[in-house]
């Protein structure tokens with residue numbers, strides 16, 4: 001019987017990064033099970049038939065299948081820096097921006113990253129469809145170093161791994177792109193102790209492996 005929550009995760013997945021950052025921030029101890037996406041463990045599929053990471057199984061048997069749910073649950077355990085200590089209206093604005101990231105920007109990002117799978121348009125066209133969201137973030141960052149405040153909020157954590165993924169599709173282009181504040185914001189977060197701590201490499205988990213604690 002496990003005495004810690006179990007997280008099924010994949011190192012580079014932006015959704016899984018989001019979840020791991022929340023868990024690390026809240027100092028939640030859990031068993032780390034690294035997944036190979038081409039050979040997903042049956043243990044994970046039995047918990048979450050949709051077959052995507054991250055999946056977190058809590059000690060009471062509750063299964064959290066969405067990265068945002070995991071992030072919010074973790075912050076609810078311990079929010080020492082006030083990531084969600086904002087008025088309801090501001091939290092609603094954060095939720096709306098995260099939804100735009102998850103349900104609009106991510107579609108364009110996938111087309112941009114995997115343009116060869118979507119020959120209906122060029123990679124440059126798919127990139128241009130991503131840019132209105134980047135521009136909206138750049139504008140937000142003219143007022144504060146983070147998206148909603150002078151300090152990190154949960155929206156920053158929910159979005160940063162997707163901007164990181166975008167930046168890596170064509171690093172040369174991104175390095176010259178007209179988003180100076182966005183690049184500062186991104187570099188600050190992905191070079192933070194928190195981010196670096198959750199990007200360690202692990203071998204793929206197999207049933208019977210000794211637990212890896214995170």
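The values are calculated or read from the model by the stated rules, or taken from the named source; none is laboratory data. Computed from a predicted model, the values in this text were never measured in an experiment. Counting neighbours? That spans all protein chains shown, and the Cβs are built from the backbone with ideal geometry, glycine included.
Worth pointing out:
- For the stretch 44-54, the set of residues classified as crowded, with 17+ Cβ neighbours inside 10 Å and either in contact with a helix residue (DSSP H, G or I) (Cβ under 9 Å, 6 or more places away or on another chain) or more than 21 Å from residue 68 (Cα to Cα) (or both) consists of 52, 53, 54, listed by residue number.
- Among the residues of the stretch 43-56, just one is at pLDDT 95 or above and closer than 15 Å to residue 209 by Cα, namely 44.
- Residue ID - nearest to residue 154 (Cα to Cα), chosen from residues in the stretch 13-59 that are free of Cβ contacts under 8 Å to residues at least 12 places away in the same chain and assigned to a loop (DSSP other than H, G, I, E, B): 51
- Total residues in the stretch 4-40 satisfying the condition of being surrounded by fewer than 17 Cβ atoms within 10 Å (Cβ to Cβ), under 14 Å from residue 212 (Cβ atoms) and over 13 Å from the mean Cα position of the chain (by Cα): the figure is 2.
- Of all the criteria given as (1) surrounded by 17 or more Cβ atoms within 10 Å (Cβ to Cβ); (2) more than 18 Å from the chain's Cα centre (by Cα); (3) in the same structural domain as residue 46 (by TED's automatic domain parsing), the one not satisfied by residue 126 is (3).
- Residue list for the stretch 69-103, restricted to those being buried (at least 17 other Cβ atoms within 10 Å of the Cβ) and not in a loop (DSSP other than H, G, I, E, B): 70, 71, 72, 73, 74, 75, 94, 97, 98, 101, 102
- Here the helices (runs of 4 or more DSSP H) wholly within the stretch 136-214 that include at least 1 residues being in the same structural domain as residue 110 (by TED's automatic domain parsing), surrounded by 12 or more Cβ atoms within 10 Å (Cβ to Cβ) and over 19 Å from the mean Cα position of the chain (by Cα) are 171-176, 180-190.
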